[in-house]
Amino acid sequence: MPGLRIGELARVTGSTPRALRHYEEHGLIDSHRAANGYREYDERAVVRVRNIRHLLASGLTLADVRVFLPCLDRDVATAAPSPAGLRVALERLAVLDARIAAQAAVRDRLAAALRDAAASLR
């Protein structure tokens, strides 16, 4: 049975060929080359790409997703969390919280500067 070409895999997973090549460069998915030189993926890649996209949409990075390699062929959204997966998710949450706090501080400084500027115009 022939495999899925990159465009087909992108279409059925809601991804892009560029993203799929990026996932492959990071060792998250595999392909083989057909006789015509095109990349071909097996059916397991559909589940794997959907899981990668789910994890990325949850705020994880591609480096974070590597921790989940052993379970990317199953439904990661409903699977019991592993200790390593929980650790990575907690670390990423801390990074996001720190970024949000830094952005809120910048916002507050800008809002204060605008209030001061408006007050000086009166």
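Could you list the residues of the range 1-24 with an amide nitrogen less than 19 Å from a label point located 7 Å from the Cα of Tyr38 in the Cα-to-C-beta direction? Hits in the range 1-24 for Tyr38 at 19 Å: 1-22, 24.
Semi-axis lengths, largest first, of the ellipsoid equivalent to the range 1-79 are 21, 12, 11 Å, with √(5λ) applied to each eigenvalue of the Cα gyration tensor. Hydrophobic, long helices, defined as DSSP H runs whose alpha-carbon span along the helix axis is 30 Å or greater and whose mean Kyte-Doolittle value is at least 0.0, occur in the chain at 83-121. Taking 0.36 nm per residue of separation and subtracting the current Cα-Cα distance, fully stretching the chain between His22 and Arg74 would add 16.6 nm.
Bear in mind that the values in this text are calculations on the coordinates, not laboratory data. These numbers were taken from a predicted model, which means no experiment stands behind them. Using ideal geometry, Cβ is built from the backbone for each residue, glycine included, and neighbour counts are taken over all protein chains shown.
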